[in-house]
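This report refers to the structure that appears directly beneath it.
The values are calculated or read from the model by the stated rules, or taken from the named source; none is laboratory data. Keep in mind that this is a model prediction, so the values were computed, not measured. Cβ sites come from the backbone with ideal geometry, for glycine too, and all protein chains shown count toward neighbours.
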Amino acid sequence: MAVPYDFARIEPFWQGYWQREGFAVADTAGSKDLYMLMMFPYPSGDLHVGHGRNYILGDCLFRMFMMQGRRVLNPMGWDAFGLPAENAAIKRNVHPYEWTRANIARMKQQFRAWGILYDWDKELASCEPEYYRWNQWFFLRMLEKGLAYRGRAPVNWCASCHTVLANEQVVSGGCERCGTAVVQKDLEQWFFRITAYADRLLEGLDRLPHWPEKVKVMQRNWIGRSEGAEFTLEVQGRPELGGFRVFTTRPHTAFGMTFTVLAPEHPLVAQITTPGQAAEVSAFVERVRRSTELERLATEGEIGKRGVFTGSYAVNPFTGQAVPIYLADYVLMSYGTGAIMAVPGQDQRDWEFAIAYGLPIIRTVQPPEGWVGEAWTGDGPAINSSWLNGLYMKEAIARATDWLEEQGIGTRKVNYRLRDWLISRQRYWGTPIPVVYCPEHGPLPVSPGDLPVALPTDIEFGGVEGNPLARSASFLTARCPECGREARRETDTMDTFVDSSWYYLRFINPRTADAMFDADRVRRWMPVDLYIGGIEHATLHLLYARFFYKVLNDFGMVPNDEPFEVLFNQGMIVAPSKTTGKLEKMSKSKGNVVAPDELIARFGADTERVYTLFMGPPEKEVEWNDEGVMGAHRFLQRVWAMREAVEARRGVEGEQRADETLLLAMHQTIRRVHEDLGRYKPNTAIAALMELSNVLGELQARASGAALEEAYSALVRLLHPIAPHVTEEVWQALGHAQSLLRSGWPQWDADLLARQEVTVAVQVNGKLRATVSLPRGADGEVCTEAARAAAARWLEGKQVARVVHVPDRLVSFVVRG
RNA sequence: GCCGGAGUGGCGGAACGGUAGACGCCGAGGACUUAAAAUCCUCUGCCCCGCGCGGGCGUAAGGGUUCGAAUCCCUUCUCCGGCACCA
């Protein structure tokens, strides 16, 4: 009776061994081989099995690369600025730095307990001045180039987090962090001009064949490029106003413009409102202004209930007709020009508005025969459109736009959904924006020699709302770089996504003291070859990082313009909700987490690793199942127990047939595991290893000691990336002095596999009727005859009309009668 | 509404257009045990014929292409994700 392996003893032992030996430390001064990277985590404290899935997959690949003799940079660090630390500080009166450092220590220990190896020599934390000073340095360069600017704009405000948010951090009208409904505020804030890179961010996606299509599509949607025309509408009888601009992607429908709509926030509203309409208009504007984004979303589909006539008219330049100017909240100030030409015949929203307000509808595109719907938005010949009549969309758009340009009232225009990146945050725990405000000279950049602008430590957090930096006298007071007189320091800090936009460059040589990163090594080591992380960053981190990298490329600091060659998005682990029972993301706040500590205590880290990698393809979302864990554990115990049988059979002769079967299974398994891990399918690689283990179990009493040990050794080596501790223990017990990490990666014998017999399927009229075993590469005639014999029963008395032979796979008879 | 992705046993999931359900979980029966746990062995998609032999049906639904379809094409349904009064 075999003794179960003592994971509680051996796992810590091997963890210590790997660390002492420094297996994961990469020398980046040398030439590059492979740079793999996991998205660095926010040090929130406890990790659950859902986080583990990410890191375990990475470690599995890393160990495989190591065994294959690759030299791999595989660093880890901490995205260490952010709100939870500050909220913890407010609640418990500990400094965010201490809270963060304690969590980092805890998480490092969890990584270690999972048997995960990182190059800790390269560790960095974004909350350290030697890191964030380079955020400040970069900000100053952006400022110099006009890529950072201060502007007044309606911004998203989260009242619960007491800060503004970037557009990317607003998820269906709520704060990405806490879900609180976001309200619009007009504030002066700092922005990065990411819109200047919109086209390049789009174009670059086409050069990323190894990114998931899903992420590329999400980024394209987010950037939201649309081509069209912009032109001026005059306000009838008010030439001194100069009119207002409208944007449209469908200028060819303009003959059907029967009214026009401004966003309620449009600057012209006050001037064009007639006295008779003033009361109604101001009531409407006030109502819209007070509504949150969420309320606006909730009224979706209620177009027509939320509009008002201004009393003024504009002139449709195509027809010369006067059309009424309305305000409506379905027109957004933040997109295009904040004003539209309304063509109810060709736009469903305009149609509904026209019906509700009794406005005329003129169709300008012929709907297809039998069309019974309302607005027709598809293609068709132009009608009721004078000189455009009969033209189809493409041609009509071109003509209409040319005409606008000839008349000098319009131009071709490209619009984007993407907004500039708002980076100001009214919080303490982030990178101070390096700017001072002089009463004389206005906002001025801190001179580079005065960096870093360090976060003050003399801060009281306890219970007070608002940005604590604004209450720190020592921080607030500065000298004007221009005149030296007393000035006020900027108290906003940077969005933490600034930190994560370039950390992968710093990792390459994180102790670089005199520059943002080691430009020489970066030139050799970038781009990152394999980047692993969650899909939730598709339009956040991954968009910002690409933007930064392109800017750095323009600054001549990096060698290419896309930072991540291969992107792998692992799926979430979900678990039933404690309240509703519906599957949802595993998270501490939802209370449905499985803690790795307990799991490791009961079954060991190797078991968690095997189960995590086995439960499904890693890019898919999967449900955690406690019973599945047992299967993984049993498998490891069987592999462990087999060691005794192998040792006991050393030197024993066996049946030749058994040896052949065993070695064939071994070589097949080597190939399958190699290929499956290479295409990120550890689940099927593990299935292959289980099959080999089953074959070993069946043949252990009949195969020779030598064949048994050869196959078992291959199994143990192939299993190492997946279950590193128990395999090291077995390997050592078998008498090997070297770690498995240094013992090479098994190779399969292609010739042997090519010589094996194959099972050929025999079909009659597409139905499987028999199988025959034949040598690989058997002649077509031989094959067909064997098949004919095997399927004789079904061919009797039938006329064979056709025979399809697929070498080594099947023979298919097509029969009549 | 638009754009992606996915629907395969009781469950997680395998399957270059070529033997559907690998591997694992659950379940059933058996061995070991005083007993239980653990472990090991056998069975385990559905249906029909008493079992076996054998046969039929089966990859969301319906149709098509093909000697052959889970896989390709069309139509429909459902679920998941993203974007969304974007002009």
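Being within 15 Å of RNA strand B (Cβ to nearest atom), among the polar types (S, T, N, Q) and closer than 18 Å to A:Arg245 by Cβ is the filter here, so list the residues in the range A:311-365 that pass it.
A:Asn316, A:Ser334, A:Thr337 - these are the residues of the range A:311-365 that are within 15 Å of RNA strand B (Cβ to nearest atom), among the polar types (S, T, N, Q) and closer than 18 Å to A:Arg245 by Cβ.
Quick check on the range A:4-21: of everything there that is outside any helix (DSSP H, G or I) and in contact (Cβ under 8 Å) with a residue 40 or more places away in the chain, which residue is farthest from RNA strand B (Cβ to nearest atom)?
Among those residues, the one meeting the criterion is A:Tyr5.
Give the residues of the range A:366-376 that are within 12 Å of RNA strand B (Cβ to nearest atom) and out of contact with any Asp or Glu (no Cβ under 6 Å at 6 or more places or on another chain), sorted by residue number.
Result: A:Gly373, single match.
Are any residues in the range A:260-271 surrounded by fewer than 22 Cβ atoms within 10 Å (Cβ to Cβ) and of a type in the set (A, V, I, L, M), and if so, which ones?
A:Leu268, A:Val269, A:Ala270 - these are the residues of the range A:260-271 that are surrounded by fewer than 22 Cβ atoms within 10 Å (Cβ to Cβ) and of a type in the set (A, V, I, L, M).
Quick one: count up the residues across the range A:751-763 that are in contact (Cβ under 8 Å) with a residue 40 or more places away in the chain and either among the small types (Gly, Ala, Ser) or under 15 Å from A:Thr661 (Cα atoms) (or both).
Qualifying residue count, the range A:751-763: 5.
Sort out which residues of the range A:487-528 are part of a loop (DSSP other than H, G, I, E, B), touching a Ser or Thr at 6+ places or on another chain (Cβ under 8 Å) and more than 26 Å from A:Leu83 (Cα to Cα), and write them in order of number.
Answer for the range A:487-528, where residues must be part of a loop (DSSP other than H, G, I, E, B), touching a Ser or Thr at 6+ places or on another chain (Cβ under 8 Å) and more than 26 Å from A:Leu83 (Cα to Cα): A:Ile508, A:Asn509, A:Asp518.
From the list A:Pro381, A:Pro448, pick out the single residue that is under 36 Å from the mean Cα position of the chain (by Cα) and either over 30 Å from A:Thr253 (Cβ atoms) or surrounded by fewer than 19 Cβ atoms within 10 Å (Cβ to Cβ) (or both).
Sole residue among the options that is under 36 Å from the mean Cα position of the chain (by Cα) and either over 30 Å from A:Thr253 (Cβ atoms) or surrounded by fewer than 19 Cβ atoms within 10 Å (Cβ to Cβ) (or both): A:Pro448.
Go through the range A:275-286 and report how many residues are surrounded by 13 or more Cβ atoms within 10 Å (Cβ to Cβ) and free of Cβ contacts under 8 Å to residues at least 40 places away in the same chain.
Final tally of qualifying residues: 4.
Yes/no per residue for (1) of a type in the set (Phe, Trp, Tyr); (2) modelled with pLDDT under 95:
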| position | (1), (2) |
| --- | --- |
| A:Asn54 | no, yes |
| A:Met64 | no, no |
| A:Leu73 | no, no |
| A:Trp78 | yes, no |
| A:Ala85 | no, yes |
| A:Glu130 | no, no |
| A:Trp134 | yes, no |
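Of the residues A:Ala2, A:Ala105, which is surrounded by fewer than 17 Cβ atoms within 10 Å (Cβ to Cβ) and at pLDDT below 95?
After ruling out the rest, the residue left standing is A:Ala2.
Within the range A:662-695, take every residue that is at negative phi and in a loop (DSSP other than H, G, I, E, B) and give me the one that is nearest to RNA strand B (Cβ to nearest atom).
Here the answer is A:Lys681.
Mind listing whichever residues of the range A:108-128 are among the charged types (D, E, K, R), within 22 Å of A:His720 (Cα to Cα) and surrounded by fewer than 20 Cβ atoms within 10 Å (Cβ to Cβ)?
Hits for the range A:108-128 are A:Lys108, A:Arg112.
Might you let me know whether the range A:603-616 holds any residue that is within 8 Å of RNA strand B (Cβ to nearest atom) and in a loop (DSSP other than H, G, I, E, B)?
Yes, the range A:603-616 contains at least one residue that is within 8 Å of RNA strand B (Cβ to nearest atom) and in a loop (DSSP other than H, G, I, E, B).
Mind listing just one residue for me: the one in the range A:529-544 that is of a type in the set (A, V, I, L, M, F, W, C) and in a loop (DSSP other than H, G, I, E, B) and, of those, surrounded by the fewest Cβ atoms within 10 Å (Cβ to Cβ)?
Filtering the range A:529-544 for residues that are of a type in the set (A, V, I, L, M, F, W, C) and in a loop (DSSP other than H, G, I, E, B), the one surrounded by the fewest Cβ atoms within 10 Å (Cβ to Cβ) comes out as A:Leu540.
How many residues does the range A:211-240 hold that are within 6 Å of RNA strand B (Cβ to nearest atom) and among the charged types (D, E, K, R)?
2
For residues that are of a type in the set (D, E, K, R) and touching a strand residue (DSSP E or B) at 6+ places or on another chain (Cβ under 6 Å), scanning just the range A:150-196, find the one that is farthest from A:Gly442 (Cα to Cα).
It comes out as A:Lys185.
Cβ contacts < 6 Å: first residue part of a strand (DSSP E or B), restricted to the range A:307-334; second residue among the acidic types (Asp, Glu), any location; separation 6+ or different chain. Result?
From the range A:307-334, the pairs are A:Val308/A:Glu280; A:Val315/A:Glu234.
Has the range A:570-581 got any residue that is at pLDDT 95 or above and outside any loop (DSSP other than H, G, I, E, B)?
no
Answer yes if at least one residue in the range A:764-777 is in contact with a helix residue (DSSP H, G or I) (Cβ under 9 Å, 6 or more places away or on another chain), more than 30 Å from A:Phe62 (Cβ to Cβ) and in contact (Cβ under 8 Å) with a residue 40 or more places away in the chain, and no otherwise.
yes
Working only within the range A:696-726, note down all residues that are crowded, with 20+ Cβ neighbours inside 10 Å, in a helix (DSSP H, G or I) and without any contact (Cβ under 8 Å) to a residue 60 or more places away in the chain.
Correct list: A:Leu696, A:Leu699, A:Ala707, A:Ala711, A:Ala714, A:Leu718.
Out of the range A:473-486, which residues are in a loop (DSSP other than H, G, I, E, B) and out of contact with any strand residue (DSSP E or B) (no Cβ under 9 Å at 6 or more places or on another chain)? Walk me through it before giving the result.
Initially, the range A:473-486 is screened for residues in a loop (DSSP other than H, G, I, E, B), giving A:480-485.
Listed by number, the list holds a single entry, A:Gly484.
Is it true that A:Val25 is surrounded by fewer than 22 Cβ atoms within 10 Å (Cβ to Cβ) and in contact with a strand residue (DSSP E or B) (Cβ under 9 Å, 6 or more places away or on another chain)?
Values: surrounded by fewer than 22 Cβ atoms within 10 Å (Cβ to Cβ): yes; in contact with a strand residue (DSSP E or B) (Cβ under 9 Å, 6 or more places away or on another chain): yes.
In short, yes.
Does the range A:617-661 hold any residues that are assigned to a loop (DSSP other than H, G, I, E, B), basic (Lys, Arg) and within 9 Å of RNA strand B (Cβ to nearest atom), and which are they?
Within the range A:617-661, A:Lys620 is the sole residue that qualifies.
Can you find even one residue in the range A:244-254 that is away from RNA strand B (no atom under 14 Å from the Cβ) and not in a strand (DSSP E or B)?
no
I'm told A:Gly146 meets every condition in (1) touching a strand residue (DSSP E or B) at 6+ places or on another chain (Cβ under 8 Å); (2) at pLDDT 85 or above except one. Can you identify the failing condition by its number?
A:Gly146 satisfies every listed condition except (1).
Check A:Ala375, A:Ala398, A:Ala354 and return the single one that is out of contact with any Leu (no Cβ under 8 Å at 6 or more places or on another chain), closer than 30 Å to A:Pro154 by Cα and either in a helix (DSSP H, G or I) or modelled with pLDDT under 90 (or both).
Result: A:Ala354 is the single residue among A:Ala375, A:Ala398, A:Ala354 that is out of contact with any Leu (no Cβ under 8 Å at 6 or more places or on another chain), closer than 30 Å to A:Pro154 by Cα and either in a helix (DSSP H, G or I) or modelled with pLDDT under 90 (or both).
Within the range A:522-534, can you find the residues that are out of contact with any Asp or Glu (no Cβ under 9 Å at 6 or more places or on another chain), of a type in the set (Val, Ile, Thr) and in contact (Cβ under 8 Å) with a residue 40 or more places away in the chain?
A:Ile532
Can you pull out the residues in the range A:640-678 that are buried (at least 17 other Cβ atoms within 10 Å of the Cβ), out of contact with any Leu (no Cβ under 8 Å at 6 or more places or on another chain) and farther than 22 Å from A:Ala754 by Cβ?
A:Trp640
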